[in-house]
Structure formats: structure tokens, C-alpha cells
Amino acid sequence: MFSKKVRIFNIMNQEFKGKTFVITGASSGIGKAVAKLAVERGANATITARRLNELQTTAKEINSPNIEIVSADMTNEADRELVIKKAVTRFGGINVLVNAAGIIGSGNIENTTLEQWDYMMDINLRSVFRMIQLTLPHLIERKGNIVNVSSITGVRAFPNVLAYCVSKAGVDQLTHCVGLELASKGVRINSVNPGVVVTNLHRAGGMEDEKYNAFLEHSKTTHPLGRVGQPEEVAELILFLASERAGWITGNSYSIDGGRSQTCAR
């Protein structure tokens, strides 16, 4: 039994050797955790985010020659094209696209402005659509795959985060539709739907530290497993879906939320 576990570990330890990831939103949170684990398991990785200093910190922590960093705004077409060009120039192609960039903001149907709505859709949904299109020729060539980071809000409704919920529901439906369209080309696509995970998402969206800490504490009571998630836990699911172990899985969305999506008001 022990030797079997060792063999499984050795296989996973280098399961992405020679493969290239493009990871958006890689300066923190889930995207950063994906980059770390992918490179640990043999991958090359082009990592991108808007904040260059934090990208450089991620690269320093990974401490590998197999990293290419690209400071880019996912709402800018020239930046999106640059990310793909850099990955292909440096590593010769692309095997896996992980769309982890995203933002959250408060707002309901009465007070969400059109500008806020458009900005949320641009980053959370439009950029995912466009990154898939730009990466697709390289993914088809290598029979690669895509993993989108969605949210529990894509499958369940929550008040006062209207645009965020709709954008993530769009990511899920985009995933389902593209899964059908690309199956015949040998390209897989899936999405993950995390519950509350300890990242910078809410603080970047304007939540102050004291309120965020209270939110995390309250979230222990709303997730049946009694705790919030960690970025590495979501990254493990993403890497499974990106691996050959998930070779017969496409067009699906997977909850990773401590049971939160199974609950209802009582």
C-alpha cells in the first residue's frame, strides 16, 4: 500500500512536466495558488495580473526558471494578446488556460450603476470569453484544456452582489456551451465554484479589514463543514481538472464550498 502511494505521488509530482499554463489573476489568492502548485508539478507558467509588484512576489516565492510574468489588464485587448504572445514565445505553446482574474463589488437592482455593471461584466465574463478565443488555436494544437474560476454565486442567488452573481452565472453557462462546442476538437473546459475562500477578493472590492474578519467568522456558520476555504484547496481541484486524470470530464461546473450550495434558509 505504501509503495502504491509513493507511485501515485511521483506521478502527480511531475504530471505537468513539459506543459505550459497561462494563469490570469495570479498575483494573489486562487490564481497564485494554482501557479505555485502547477510549477511544483513540472509545469511552465505564464502568470498575469495588473499588479506587477505582487506578480514579482509570486515569482520570487515560486523560485523557478519556468515562470514568465506579464503585467496586464484583462479588460485591455492589447494586454490580453500580449499575454498569449509571451507564453507562446517563451514556452512554444499553451496547454492549459486558467481564468482566475475577477473582482467583486456590492450593489443591488436599485443602486447598481450601468458603469459598475459593465465593469464587473468586463473583467469577470468578457475577459474570460476573449482569453478563451485568443488561446484556442494553441489549445487545439496541443489538445489542451481550460479551467474557469466561477463562484457559488454562479449557481445560487445572493442579495446585494447582483452584478457579481450574474457575471459568474455567465461564466458557468459559457463553460457549458464551450464544452459542447470544443469537445470534437479534443479541448476540454470546466469551471469551479468556490464558496468563501480566504483571498484578497473582498478587500480589493472595498471591504475593510474589520468587516472582512467578521465576514469570515460569520461564514463559518453558513458553510456546513464549519469553516471557510483556502486557496490551495481550490487550486487542487483546478489542477485535477487540468490534468489527464480528468480526461473524460468537460463542460461542467464543480462546487467546492464546504457544502454551502446545498443549504437553504431555515
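Checking each residue in the range 61-104 for being in a loop (DSSP other than H, G, I, E, B) and more than 18 Å from the chain's Cα centre (by Cα) picks out Asn63, Ser64, Pro65, Asn66, Asn76, Gly92, Gly93. Among residues of the range 175-204 being surrounded by fewer than 20 Cβ atoms within 10 Å (Cβ to Cβ) and at pLDDT 95 or above, the one that is farthest from Gly29 (Cα to Cα) is Ser184. Within the range 132-153, the set of residues being in a helix (DSSP H, G or I) and either surrounded by 24 or more Cβ atoms within 10 Å (Cβ to Cβ) or of a type in the set (S, T, N, Q) (or both) comprises Gln133, Thr135, Leu139, Thr153.
Filter the range 231-266 for residues that are modelled with pLDDT under 95 and out of contact with any helix residue (DSSP H, G or I) (no Cβ under 8 Å at 6 or more places or on another chain); which is surrounded by the most Cβ atoms within 10 Å (Cβ to Cβ)? Applying the filter and picking the extreme gives Gly258.
Only residues that are in a helix (DSSP H, G or I) and aromatic (Phe, Trp, Tyr) were counted in the range 154-177, giving 1.
Number of residues in the range 70-115 that are closer than 30 Å to Phe158 by Cβ and not aliphatic (A, V, I, L, M) equals 15. Scanning the range 19-36 for residues that are part of a loop (DSSP other than H, G, I, E, B) and of a type in the set (A, V, I, L, M) gives a single hit, Ala26. Taking the conditions exactly as written (aromatic (Phe, Trp, Tyr) and closer than 24 Å to Ser27 by Cα), does Phe158 satisfy them or not? Against the criterion (aromatic (Phe, Trp, Tyr) and closer than 24 Å to Ser27 by Cα), Phe158 does not qualify. Going through Leu114, Leu82 one at a time, which residue ends up being over 20 Å from Lys17 (Cα atoms), without any contact (Cβ under 8 Å) to a residue 24 or more places away in the chain and surrounded by 15 or more Cβ atoms within 10 Å (Cβ to Cβ)? Just one listed residue meets the conditions, Leu82. For the range 37-53, the set of residues classified as surrounded by fewer than 23 Cβ atoms within 10 Å (Cβ to Cβ), within 17 Å of the chain's Cα centre (by Cα) and in a helix (DSSP H, G or I) consists of Leu37, Val39, listed by residue number.
Tallying residues that are under 13 Å from the mean Cα position of the chain (by Cα) and free of Cβ contacts under 8 Å to residues at least 60 places away in the same chain within the range 14-36 yields 2.
The values are calculated or read from the model by the stated rules, or taken from the named source; none is laboratory data. Just so we're clear, the structure is a prediction, and the values are computed from it rather than from any experiment. FYI the Cβ positions are ideal-geometry reconstructions off the backbone, even for glycines, and counts take in every protein chain you see.
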